[in-house]
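The values are calculated or read from the model by the stated rules, or taken from the named source; none is laboratory data. A quick note: this is a predicted structure, and the numbers were derived from the prediction, not measured. Every residue, glycine among them, receives a Cβ derived from its backbone with ideal geometry; neighbour counts consider all protein chains shown. Areas reflect the complete protein model, heavy atoms only, side chains present, ligands, DNA and RNA absent. Shrake-Rupley method; radii C 1.70, N 1.55, O 1.52, S 1.80 Å.
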Amino acid sequence: MSIDYSANKTILVAPLNWGLGHATRCIPIIKALQENNFIPIIASDGVALALLRKEFPYIQTLELPSYHIEYAKNGKNFKWKLIKNLPKMITAILDEKKMVNSWIKKHGIDGIISDNRLGVFSKKVPSVFMTHQLNVMTGNTTWFTSKCHQHFIKKYTECWVPDSDEKVNLTGDLGHLKTNELNLKYIGPLSRMKKKETPKIYDLMIILSGPEPQRTFLDEKLQKEAAKFNGKVVFVQGIVEKTQEKWQAGNVTYYNFMNSKQLEQTFNESEFVLCRSGYTTVMDLAKLGKKAFFIPTPGQYEQEYLAIKLQEENLVPYAMQDDFTIEDLSKVKSFQGLSQFKNDIDWDLLFSVFEDHL
């Protein structure tokens, strides 16, 4: 007789609140936990927690301290802004570690999945760290920041990388190491999206995300540019609020935010997409086999690296935020777009990490 290790086991899922990408890529994991008889508890803060509460109103949620991640108004000062906020981040990491250890007993937690939250860890239960950034791009300090990140990852039971370990992959140097001492599992790209054959309603979909003030800067710029576009546009601002709002301005249909089902439908109904080059967005576009145009967040080396990589591979063109004009979108037709991937994750095998804690 086989033992159902997952029956009634409670798993804490904790994505970093840095834009919406970490939260949205945890959605398929949370659903898979439920489908495999685990009981997920969601923990985060800010807009990431707000989004997941809307997606899973029936799941218990807990609030973690904020990392106080702020973007500089000038992208060139991004790294120094992070360094300035480092003491606040360290305090939050230490605080969340204490909170998590107290929750293990209080909420009967049997395992942890942390998406880039460095303090969500405990020696008492199997703890998984999920990241696509084994190397942390920070310009001339990349070697140092990567070693620091890998030092944190090493303490976890396993590290899940949402990419392929094959030669053809999405993350490139971000998610692959020449040598390592980490217990890595390449689980394949994660996406909450599914490709559907639907009539095309919009010529262009614009979707925004990411921390302030850069999200607002791009929002203001693209509202002016979208009005010049020759075609129907749907514009999702990425502002998670209590109620959804929709309004029309000329050729552009605006939404403050969409839930996962609405986003999936709208992606499928759109010819191509204009967005940031955050990795979760890249995975969604690849799952849908979409053509796109990227505007990386100023100063965020990871997004700049991905945009350059995908343009050099003739997949997706990009422009820097200050340089972009609506005419740049004409480049999209000469690029291949992201190839649709099929990723059948063996969730039983993946979740077996939690079998050790009986």
Would you confirm whether any residue within the stretch 62-75 is open to solvent by less than 20 Å² (accessible area, probe 1.4 Å), closer than 22 Å to Arg215 by Cβ, outside any helix (DSSP H, G or I) and at pLDDT 95 or above?
yes
Across the stretch 7-56, the tally of residues that are within 26 Å of Ile90 (Cα to Cα), among the hydrophobic types (A, V, I, L, M, F, W, C), open to solvent by less than 10 Å² (accessible area, probe 1.4 Å) and not in a loop (DSSP other than H, G, I, E, B) stands at 11
Tell me which residues, restricted to the stretch 299-358, are of a type in the set (S, T, N, Q) and either open to solvent by 40 Å² or more (accessible area, probe 1.4 Å) or in a helix (DSSP H, G or I) (or both).
Gln303, Gln311, Asn314, Thr325, Ser330, Ser334, Gln336, Ser339, Gln340, Asn343, Ser352
Which pairs have Cβ atoms under 6 Å, sit 6 or more apart or on different chains, and link a residue in the stretch 138-165 that is open to solvent by 50 Å² or more (accessible area, probe 1.4 Å) to one that is outside any strand (DSSP E or B) and not hydrophobic (A, V, I, L, M, F, W, C)?
Thr157/Pro126
For the stretch 166-187 the number of residues that are assigned to a loop (DSSP other than H, G, I, E, B) and open to solvent by less than 70 Å² (accessible area, probe 1.4 Å) is 8
Would you confirm whether any residue within the stretch 253-276 is outside the structural domain of Phe56 (by the TED database), under 22 Å from His132 (Cβ atoms), polar (S, T, N, Q) and open to solvent by 20 Å² or more (accessible area, probe 1.4 Å)?
no
Which listed residue, of Ile187, Ile207, is in the same structural domain as Tyr305 (by the TED database), at negative phi and in contact (Cβ under 8 Å) with a residue 40 or more places away in the chain
Ile207
With the requirement that a residue be within 21 Å of Asn343 (Cα to Cα) and more than 17 Å from the chain's Cα centre (by Cα), what does the stretch 184-199 give you?
Leu184, Lys185, Lys195, Lys196, Glu197
Flag for Tyr202 being over 22 Å from Phe335 (Cβ atoms), of a type outside the set (D, E, K, R), buried (at least 19 other Cβ atoms within 10 Å of the Cβ) and over 16 Å from the mean Cα position of the chain (by Cα)
no
Every residue in the stretch 112-124 that is assigned to a loop (DSSP other than H, G, I, E, B) and either open to solvent by less than 10 Å² (accessible area, probe 1.4 Å) or without any contact (Cβ under 8 Å) to a residue 60 or more places away in the chain (or both), please.
Arg117, Leu118, Gly119, Val120, Phe121, Ser122, Lys123, Lys124
So Thr281 ticks every box in (1) buried (at least 22 other Cβ atoms within 10 Å of the Cβ); (2) within 18 Å of Glu327 (Cα to Cα) but one. Which box is left unticked?
(2)
